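Report on the following structure.
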Amino acid sequence: MFIASKYEEIYPPRIQDFVTSAKGAFSKEEIFEMEFCMLSTLDFNVHFTSSYDFLGRYAFLAKATTPERNFAQYLLEASFIEYPMLKYSLANLAASALYFALRIMRQETSETRQKNWGV
């Protein structure tokens, strides 16, 4: 829990808070030793790629506005609860969510299309 709080929280709890919550079952040194053992076993590789990393990069490249990015994130999160979507890679899910969000939010009217494209 101490490792996770350091990784996720802006201001992680102090080590003394964990010692206190364990009611003296572990000392500060024992917590640090276990933390080092766990991180050594993981070869200090605790980061994983998520679909949000891909979405952030794709949204930057597409110059998506904040509402467009938020809508893409909503679509991406909606895909997480659908079991059949597990077969797609995280990058594909992020790209698809952004594509649909931009397609919906940047719809051109037929008048705008005629003016821009001469159609």
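The values are calculated or read from the model by the stated rules, or taken from the named source; none is laboratory data. Small disclaimer: the values here were computed from a predicted structure and weren't measured. As a convention, Cβ positions derive from the backbone with ideal geometry for all residues, glycine included, and neighbour counts pool all protein chains shown.
With respect to (1) outside any helix (DSSP H, G or I); (2) among the charged types (D, E, K, R); (3) not assigned by TED's automatic domain parsing to the domain that holds LEU102, the lone exception for LYS63 is condition (3).
Return the residues of the range 23-62 that are within 30 Å of LEU102 (Cβ to Cβ) and polar (S, T, N, Q); say none if nothing qualifies. Residues satisfying the conditions are THR49, SER50, SER51. Checking SER50, SER27, SER96 one by one, the residue that is in contact with a Ser or Thr (Cβ under 9 Å, 6 or more places away or on another chain), of a type in the set (Gly, Ala, Ser) and modelled with pLDDT of 85 or more is SER96 and no other.
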